[in-house]
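Heads up: the structure comes next, in structure tokens.
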Amino acid sequence: MLSDLKVVATITAKPESVDAVRAGLAALAAESLHEDGNVSYELFESGSEPGTFVTIEVWRSEDDLDAHMQSPHLQKALGEFGEHLASPPAIHPLRVVR
């Protein structure tokens, strides 16, 4: 049996856009929690680098993550605050190292 897929994403806001990105990511996290394949979705802001946000997500499968990446609310969020990002989001699906 495959285990859940864990994903970490790092999103960095432009200095003048931190509040807009924070609000957009909070709304995105709230909506993402309701997706079928979502197990958990947490949003954090760095304590040492304000404006750097990290999501820690758990999805049931790769298909569920793919559906999330294509979801209307994710596409809408990227469209709304994409210009406020310092760089494209860094998305890291994780594999256990043994």
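Rounded to the nearest Hz, the phi-derived 3J(HN,Hα) couplings of region 72-87 under the Karplus curve 6.51 cos²θ - 1.76 cosθ + 1.60 (θ = phi - 60°) are x, 6, 6, 4, 5, 4, 4, x, 6, 10, x, 5, 8, 8, 6, 7, where x marks glycine and proline.
For every other residue with a beta carbon closer than 11 angstrom to the beta carbon of Val8, add +1 if it is Lys or Arg and -1 if Asp or Glu, then tell me the sum. List each step's numbers first, then the result.
On the way: positive: Lys6; negative: Glu42, Glu57.
Here the charged neighbours net out to -1.
With the Cα gyration tensor of region 15-98 giving a ≥ b ≥ c as the square roots of its eigenvalues, does the rule (a/c under 1.5 for rounded; else a/b larger than b/c for prolate; else oblate) give rounded, prolate or oblate? Oblate shape, in that a/c is at least 1.5 and b/c is the bigger or equal ratio.
Between Ser3 and Ala86, the modelled label-to-label distance comes to 3.2 nm, taking each label 7 Å out from Cα in the direction of the beta carbon.
Near Ala20, once Lys and Arg are set to +1 and Asp and Glu to -1 for all other residues with Cβ below 10 Å from its Cβ, the sum equals -2.
Which of rounded, prolate, oblate describes region 1-43, given a ≥ b ≥ c as roots of the alpha-carbon gyration tensor eigenvalues and a/c under 1.5 marking rounded, otherwise prolate only if a/b is larger than b/c? Before the final figure, lay out each step's value.
Numbers: a/c = 5.14, a/b = 2.04, b/c = 2.53.
In terms of gyration-tensor shape, oblate.
Once the chain from Leu78 to Glu62 is taken as fully extended at 0.36 nm per residue, the excess over their C-alpha distance is 3.7 nm.
Counting only protein heavy atoms and a 1.4 Å probe, tell me what percentage of the chain's accessible area is made up of carbon and sulfur.
About 57 percent, which is the carbon plus sulfur part of the accessible surface.
For Leu85, the residues whose amide H sits under 5 Å from its own are Lys14, ignoring neighbours fewer than 5 places away on the same chain, with H placed 1.01 Å from N. Averaging the sequence gap over all C-alpha pairs within less than 8 Å and six or more residues apart, then dividing by the number of residues, gives region 28-93 a relative contact order of 26 percent.
Run the dipole for the chain about the Cα centre, Lys and Arg Cβ at +1, Asp and Glu Cβ at -1, nothing else charged, and hand back the magnitude in debye, nearest 20. Working shown, then result.
Working: 7 positive and 16 negative charges, 61 e Å.
Computed charge dipole of the chain: roughly 300 debye.
For trypsin sites (Lys or Arg not before Pro), the sites in region 9-76 that DSSP calls loop and that have at most 16 other Cβ atoms within 10 Å are Arg60.
Please give the calculated 222 nm ellipticity per residue for the chain, where each DSSP H segment of at least 4 residues contributes -39500 (n - 2.57) and the sum is spread over every residue; nearest 500 deg cm²/dmol?
Rounded to the nearest 500, it is -10500 deg cm²/dmol.
Residue separation of Ser40 and Arg95 scaled by 0.36 nm, minus their Cα-Cα distance, works out to 18.1 nm of gained length.
The values are calculated or read from the model by the stated rules, or taken from the named source; none is laboratory data. In this text the structure is predicted, and so the values were computed from the model without any measurement. For neighbour counting, all protein chains shown are included, and Cβ atoms are generated from backbone atoms with ideal geometry for every residue, glycine included. Keep in mind that these areas ignore ligands, DNA and RNA; they rest on the heavy atoms of the full protein, side chains included. Shrake-Rupley method; radii C 1.70, N 1.55, O 1.52, S 1.80 Å.
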